[in-house]
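See structure below.
The values are calculated or read from the model by the stated rules, or taken from the named source; none is laboratory data. All figures in this text were calculated on a predicted structure; none of them were measured in a lab. Cβ coordinates were reconstructed from backbone atoms using ideal geometry, including for glycine residues, and neighbour counts include every protein chain displayed.
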Amino acid sequence: MILQPHLQIDNRADLLRIEMLMDATRSKLKQGRGVIEQYREYLPVSESTPIVSLDEGDTPLIYSSRLSKRIGRGCDVFVKNEGINPTCSFKDRGMTLAVSKAMEGKANAIICASTGNTSASAAAYAARAGISCVVILPAGKIASGKLLQAFACGAKIVAIDGNFDDALRIVREIGERDDFIVVNSINPNRIAGQKTAAFEIVDAMGDAPDFHLLPLGNAGNITAYWTGYRQYQSRQRSTKLPAMIGFQAACAAPIFHDRIINKPETIASAIRIGNPASWKQARAAIAESSGAVDIIPDEEIVAAQIWLARHEGILVEPASAAAIAGFFKCCNSQEAAYSFKEIPEGRRIVCTVTGHGLKDPDVIMQRMGKVEPVAATVNDVRRAIGL
Ligand code: F0G
């Protein structure tokens, strides 16, 4: 490998960066594909950007005959399962780009506030890049699987007596004062990476769907999808744009109520947010797409989580189930902010489920009850089965 003249080695980050570029030169295969390689022309990267990838993206878009039947009228419903990413949430799409760009900028450390998934993803990509990672979390409010991921990947974990909004306020300030790259979705590279989910959907379906349903928390994801759909349409990759419909938990619904919620509460801890960073962009996406924002009570979120697992075999975390509960609300309820009752025939709907259910096992575990063992005989087992 001949070092390019503009690559001057002046610190550890430089060495890591060069190592990565060398790796990439040795074998494209070793880097995997990942969303940056797949959609390079739409992303702010160049030949000298060291790509930090865990082969994220290319997630399943699953046709659901049962959800399609619910809506009827010849409509097709698909579930975009973002739990099938390297750290089991959609955050990896944006994190690959945010960390790659941080490496390009010779960063030594990244920092984020998180309700769990961003911290798990940041920790993993920082480990992959060989840089350090600090995560600021609301104490006692992070699902066990996510905390475990951040810890296992070597992040420095700081729990605060406060909520996500407090954590993000602190991270913004540290990002300005100290030598950290902030990898929350206020970092435009996160949004740019996440928009690739919209590209994948259009590539798989041949055009954009008519409706896109997803959970809303800090509102980065709806912003990213809308950016992606618009970009693809402007490049003639699709002929239309979907109506974007976002769902918040009933007691953590600042965008729905159009006011900051000081003490947001929900069982869906990932979207327990009272003052979303991308509030304005989410509002714009909803308005420009003639979409809607609606609220879902916790009981309906859990019911939808269990429904999706029992009827389609897809186990998602509670926040993700808000999209499915939201779909049911659009189909059934007079009070829905967007009703599918009069939907024209043959429309196509995508629901994004954002994170894997194993990240947040506690909610379902509480409902499981104890599994009592029986004697290890065929008779006892047959009796236990009910035969
Ligand atoms: N679903 C899951 C599983 C999430 O983790 C998040 C956000 C959302 C939905 C909402 O997405 O914020 O782009 O509107 N989680 C962030 C985190 C806040 O810190 O992991 P959003």
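Among the conditions (1) within 13 Å of the ligand (Cβ to nearest atom); (2) free of Cβ contacts under 8 Å to residues at least 40 places away in the same chain, residue 193 misses just one, which is (2). Taking (1) under 25 Å from the mean Cα position of the chain (by Cα); (2) more than 23 Å from residue 118 (Cα to Cα); (3) in a loop (DSSP other than H, G, I, E, B); (4) among the aliphatic types (A, V, I, L, M) in turn, residue 349 satisfies each apart from (3). Out of 53, 68, one residue alone is without any contact (Cβ under 8 Å) to a residue 24 or more places away in the chain, buried (at least 17 other Cβ atoms within 10 Å of the Cβ) and away from the ligand (no atom under 16 Å from the Cβ). It is 68. Which one is nearest to the ligand (Cβ to nearest atom), of the residues in the range 344-362 that are among the hydrophobic types (A, V, I, L, M, F, W, C) and in contact with a strand residue (DSSP E or B) (Cβ under 8 Å, 6 or more places away or on another chain)? Among those residues, the one meeting the criterion is 353. Considering (1) without any contact (Cβ under 8 Å) to a residue 12 or more places away in the chain; (2) assigned to a helix (DSSP H, G or I), the lone condition that residue 224 does not fulfil carries the number (1).
Would you tally the residues in the range 249-287 being under 18 Å from residue 324 (Cα atoms), in contact with a strand residue (DSSP E or B) (Cβ under 7 Å, 6 or more places away or on another chain) and near the ligand (Cβ under 9 Å from one of its atoms)? Going through the range 249-287 one residue at a time, the tally reaches 4.
If you check residue 312 against the conditions, is it in contact with a Phe, Trp or Tyr (Cβ under 9 Å, 6 or more places away or on another chain), at pLDDT 95 or above and more than 16 Å from the ligand (Cβ to nearest atom)? Against the criterion (in contact with a Phe, Trp or Tyr (Cβ under 9 Å, 6 or more places away or on another chain), at pLDDT 95 or above and more than 16 Å from the ligand (Cβ to nearest atom)), residue 312 does not qualify. Considering the range 127-139, and only residues there that are more than 15 Å from the ligand (Cβ to nearest atom) and among the small types (Gly, Ala, Ser), the residue that is nearest to residue 164 (Cα to Cα) turns out to be 132.
For the range 176-198, the count of residues that are part of a helix (DSSP H, G or I), out of contact with any Phe, Trp or Tyr (no Cβ under 7 Å at 6 or more places or on another chain) and over 30 Å from residue 292 (Cα atoms) is at least one. Scanning the range 228-248 for residues that are more than 15 Å from the chain's Cα centre (by Cα) and either within 16 Å of the ligand (Cβ to nearest atom) or not in a helix (DSSP H, G or I) (or both) yields 229, 235, 236, 237, 238, 239, 240, 241, 242, 243, 244, 245. Only residues that are under 30 Å from residue 143 (Cα atoms), surrounded by 10 or more Cβ atoms within 10 Å (Cβ to Cβ) and among the charged types (D, E, K, R) were counted across the range 341-386, and they come to 3. Looking across the range 292-311 at every residue that is small (Gly, Ala, Ser) and under 20 Å from the mean Cα position of the chain (by Cα), the one that is surrounded by the fewest Cβ atoms within 10 Å (Cβ to Cβ) is identified as 309. Within the range 235-258, residues that are among the β-branched types (Val, Ile, Thr) sit with their Cβ atoms under 8 Å from residues that are in a loop (DSSP other than H, G, I, E, B), at 6+ positions apart or across chains, in these pairs: 239/207; 239/208; 245/291; 245/337; 245/338; 255/216; 255/219; 255/276. Taking the criterion of being over 19 Å from residue 277 (Cβ atoms) and either within 14 Å of the ligand (Cβ to nearest atom) or free of Cβ contacts under 8 Å to residues at least 12 places away in the same chain (or both), would at least one residue in the range 160-168 satisfy it? Within the range 160-168, none of the residues are over 19 Å from residue 277 (Cβ atoms) and either within 14 Å of the ligand (Cβ to nearest atom) or free of Cβ contacts under 8 Å to residues at least 12 places away in the same chain (or both).
Give me a count of the residues in the range 288-309 that are more than 12 Å from the ligand (Cβ to nearest atom) and touching a residue at least 40 places away in the same chain (Cβ under 8 Å).
Adding up the residues that qualify gives 14.
Residues in the range 98-121 that are hydrophobic (A, V, I, L, M, F, W, C) and within 15 Å of the ligand (Cβ to nearest atom) were compared, and the one that is nearest to the chain's Cα centre (by Cα) is 120.
Checking each residue of the range 196-206 against the condition of being within 15 Å of the ligand (Cβ to nearest atom), over 18 Å from residue 61 (Cβ atoms), buried (at least 24 other Cβ atoms within 10 Å of the Cβ) and modelled with pLDDT of 95 or more gives no match.
For residue 236, the conditions (1) surrounded by fewer than 24 Cβ atoms within 10 Å (Cβ to Cβ); (2) on the phi < 0 side of the Ramachandran plot are fulfilled apart from (2).
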